[in-house]
1. Past the 22 Å Cα-Cα mark, which pairs from LYS165/LYS247; LYS121/LYS172; LYS121/LYS144; LYS122/LYS165; LYS122/LYS144?
2. P(r) tail for the stretch 57-163, what percent of Cα pairs lie past 25 Å?
3. Quick one: accessible area per residue over the stretch 217-303, 1.4 Å probe, rounded to a whole number of Å²?
4. If ligands, DNA and RNA are left out, what is the accessible area of MET270 with a 1.4 Å probe, given in Å² to the nearest 10?
5. Using only the heavy atoms of the protein chains and a 1.4 Å probe, how would LYS172, LYS180 rank by accessible area, largest first?
6. Take the Cα atoms of the stretch 179-308, find their three principal axes, and give me the spread along each one in whole Å, biggest first.
7. With each pseudo-label sitting 7 Å past Cα toward Cβ, what's the ALA282-GLN214 distance in nm, one decimal?
8. Please compute the per residue accessible area over the stretch 164-211 with all protein chains in place, 1.4 Å probe, rounded to a whole number of Å².
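The values are calculated or read from the model by the stated rules, or taken from the named source; none is laboratory data. What you see is a predicted model, and the numbers here were worked out from it, not measured in a lab. Note that each Cβ is placed from the backbone with ideal geometry, even for glycine, and that neighbours are counted across all protein chains shown. The area values use the complete protein model at the heavy-atom level, side chains included, leaving out ligands, DNA and RNA. Shrake-Rupley method; radii C 1.70, N 1.55, O 1.52, S 1.80 Å.
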Amino acid sequence: MKHLPIVLLGTLALAACSHQAPDAAVAAKSAPAASGAMQTAKAAPKQAQPAFTPPPESAIPAGPLGDEIRLGRAIFTDTPEHAHDYVGNGLSCSNCHLDAGRLANSAPLWGAWGMYPQYRKKNGHVNSFGERLQGCFRFSMNGKAPPLDSDVIVALESYAWWMSKGAPNGVKLAGAGYPKQGFKPPQPPDYARGAAVYAQDCALCHGADGQGQQVAGRNVFPPLWGPQSFNWGAGMHELDNAAAFIKANMPLSRGGTLSDQDAWDVAMYMDAHERPQDPRYAGDVAATRAKYHDTPMSLYGTTVNGHLLGSGVAK
Ligand code: HEC
Ligand code: HEC
């Protein structure tokens, strides 16, 4: 893997970059895992069959409603470009909700739409779907919440609504969310083991320093920590979300090939790095942990390798 020629790396980059080549990215993801001679499968993939197939993009209607749905898709797949005012990092929604929000087990939009309004412990009240979207901007995008009646939120709602046409309402569908039910580490996650998994299975694309790879100022491979990543308030900083996402979806196009232990270890390694401060921080790391991160799934406010996590990084 270390000696991949630059040309091949370039091809890989293009195929993997969903907003530049959606069809290629989809093809890469659906290629059988066994076709990659570069890898050894460590465990059989155990992904649930999706209970729902979203309509093809060609079914987006013409007219003003179709235009709004298409705008929502554009925002979702290239968020810095189309929702610039509300984004504080280089990520797009589709970096974590793969295949433009369609892919099962990567928190697809069709698995979310029919589950709102929903009570969320995170903010202690019932959230509309729009408020859930606002949360993604504040935390995962390290930005600020677009107003509920803004074009950005309405377009994203239109896209999610359209994608969920025909899905049962109020039912947790197979493939919704990240598959974290009953997904436990055989042994407690370990930083040093995670570093080894990272070097072997992730660094090629996300960089040895976790900063991803950029071409002309745009992410070809997204960063996993540091100033351009999701912040300490984002769901991905919690170990169970990260481990489940990684197990199901990473390395890209080879989801399901890491062992459960490797997925937890590398999730811990990723989430034990510094990232932008939690926007709810009010001057004290211990108090912020006590108020928002009092769970073994969060490393915020704990010390790993002599570093107190939660100091934040400058944007
Ligand atoms: C850094 C990764 C990341 C990015 C970027 C991101 N999200 Fe998320 N998103 C998550 C995680 C983690 C969850 C929580 C999933 C869970 O609890 O199962 C989530 C949850 C959601 C949900 C609720 C899913 C459900 O099943 O209830 C929606 C809707 C959503 N995100 C939309 C967006 C939108 C829109 C954007 C872009 C503005 C975005 N996300 C950007 C990681 C991300
Ligand atoms: C072949 C290249 C490749 C490899 C190898 C790879 N990734 Fe990714 N990863 C990507 C791409 C590309 C995306 C964005 C997906 C998209 O936009 O469709 C991504 C997205 C992510 C995300 C969510 C977005 C973010 O930046 O936070 C996480 C977390 C992640 N990868 C972790 C890992 C881990 C951990 C490994 C190793 C086990 C890994 N990846 C291996 C290419 C790769």
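1. Details: LYS165/LYS247 28 Å; LYS121/LYS172 18 Å; LYS121/LYS144 20 Å; LYS122/LYS165 28 Å; LYS122/LYS144 17 Å.
The answer is LYS165/LYS247; LYS122/LYS165.
2. Distances greater than 25 Å cover 13 percent of the Cα pairs.
3. Value for the stretch 217-303: 31 Å² per residue.
4. The accessible area of MET270 comes to roughly 10 Å².
5. LYS172, LYS180
6. 41, 40, 27
7. 3.4 nm
8. Details: 2660 Å² over 48 residues.
Roughly 56 Å² per residue, with all protein chains present.
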